[in-house]
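Quick notes on the structure that follows.
The values are calculated or read from the model by the stated rules, or taken from the named source; none is laboratory data. Owing to the predicted nature of the structure, the values given are computational and were not obtained by experimental measurement. Positions of Cβ are generated from backbone atoms using ideal geometry, with glycine treated the same way; all protein chains shown enter the neighbour counts.
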Amino acid sequence: MKNLVTLNNAYRLLNHGPTVLVTSAHDSQRNIMAAAWNMPLDFDPPKVAIVIDKNTHTRELMEASGSFAINVPCRAQAEMVVRVGNCSGRELLGKSPDNKLAAFDIPTFPAREISAPLIEGCVAWLECRIIPEPHIQNTYDLFVAEVVAAQADERVFTDDRWHFEGHDELRTVHHVAGGAFMSIGDAFKIGT
Ligand SMILES: Cc1cc2nc3c(=O)[nH]c(=O)nc-3n(C[C@H](O)[C@H](O)[C@H](O)COP(=O)(O)O)c2cc1C
């Protein structure tokens, strides 16, 4: 038997790629938001695509700076992912603290190539420079970017492979909808 899936919810059939945290910075402003709609796009030069809504403060900082970081959070950070994805950094401007990173006490470290801060406790970090594509940005909220630096937590990523066994709290998180998440499951290999 097969269920018919409501078309509005068809995205949920694909939504369980890793949900990420997008960080951005411009002048003295820094920000963080959650983003489930992201994907790799090319090997060389490495590119990614990500959907960033027009109403977000993140988008303003991304467009002003031409860059952003994708931080890959883990299960231990899932609550923080939901928090930063449910409020806007814009609401904090002019207040104290004046950004979500400080308001939620989220530790960061400097990126290698861009101004956006990277989030401590994540398991991977991709520093991205936007490749301007005004039509798809305006029409679909879709940003294409080149990855200019990447790092990963060696406890769960070495020799270009993920290995989460023994590190359940470091498993990546995958948002389905409405606060329902899955964490990444067992690895398996097909011999060729
Ligand atoms: C789990 C989760 C996933 C989300 N995925 C996206 C996404 O892919 N693209 C997007 O534009 N907003 C997404 N959001 C919403 C933004 O994170 C949200 O609008 C945020 O408040 C924007 O913050 P800002 O205005 O400080 O940039 C997501 C929210 C959650 C909780």
Where Leu7 falls short, out of the listed (1) farther than 24 Å from Glu146 by Cα; (2) modelled with pLDDT of 95 or more; (3) not charged (D, E, K, R):
(2)
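State yes or no: is Phe104 over 12 Å from the mean Cα position of the chain (by Cα) and more than 22 Å from Gly178 (Cβ to Cβ)? Step through it out loud before you land on a result.
Values: over 12 Å from the mean Cα position of the chain (by Cα): yes; more than 22 Å from Gly178 (Cβ to Cβ): no.
Spelling it out, it is not the case that Phe104 is over 12 Å from the mean Cα position of the chain (by Cα) and more than 22 Å from Gly178 (Cβ to Cβ).
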Among the residues of region 52-68 satisfying the criterion of being under 20 Å from His175 (Cβ atoms) and either surrounded by fewer than 19 Cβ atoms within 10 Å (Cβ to Cβ) or among the acidic types (Asp, Glu) (or both), which is nearest to the ligand (Cβ to nearest atom)?
Asp53
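Residues are listed down the side, and each one gets a yes or a no for (1) in contact with a strand residue (DSSP E or B) (Cβ under 7 Å, 6 or more places away or on another chain); (2) within 13 Å of the ligand (Cβ to nearest atom); (3) basic (Lys, Arg); (4) in contact (Cβ under 8 Å) with a residue 12 or more places away in the chain:
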site: Ile50; (1), (2), (3), (4): yes, yes, no, yes
site: Ile70; (1), (2), (3), (4): yes, yes, no, yes
site: Cys74; (1), (2), (3), (4): yes, no, no, yes
site: Glu79; (1), (2), (3), (4): no, yes, no, no
site: Gly85; (1), (2), (3), (4): yes, yes, no, yes
site: Ser88; (1), (2), (3), (4): no, yes, no, yes
site: Pro97; (1), (2), (3), (4): no, no, no, no
site: Leu101; (1), (2), (3), (4): yes, yes, no, yes
site: Phe104; (1), (2), (3), (4): no, yes, no, yes
Going residue by residue through region 16-34, is there one that turns out to be basic (Lys, Arg), closer than 18 Å to Val147 by Cα and either surrounded by 20 or more Cβ atoms within 10 Å (Cβ to Cβ) or within 11 Å of the ligand (Cβ to nearest atom) (or both)?
no
Go through region 73-89 and report how many residues are over 20 Å from Leu126 (Cβ atoms), surrounded by 13 or more Cβ atoms within 10 Å (Cβ to Cβ) and either of a type in the set (Asp, Glu) or in contact with a Cys (Cβ under 6 Å, 6 or more places away or on another chain) (or both).
0
Of (1) within 7 Å of the ligand (Cβ to nearest atom); (2) aromatic (Phe, Trp, Tyr); (3) loosely packed, with under 12 Cβ neighbours inside 10 Å, Trp37 fails just (3)
Within region 90-110, identify whether any single residue is surrounded by 15 or more Cβ atoms within 10 Å (Cβ to Cβ) and in a strand (DSSP E or B), and answer yes or no.
yes
Could you give every pair whose Cβ atoms fall below 6 Å, whose first residue belongs to region 116-133 and is within 17 Å of Ala49 (Cα to Cα) and touching a residue at least 60 places away in the same chain (Cβ under 8 Å), and whose second residue is part of a loop (DSSP other than H, G, I, E, B) and of a type outside the set (Ser, Thr, Tyr), counting only separations of at least 6 or pairs across chains?
Glu127/Ala111; Glu127/Glu113; Glu127/Ile114; Ile130/Gly66
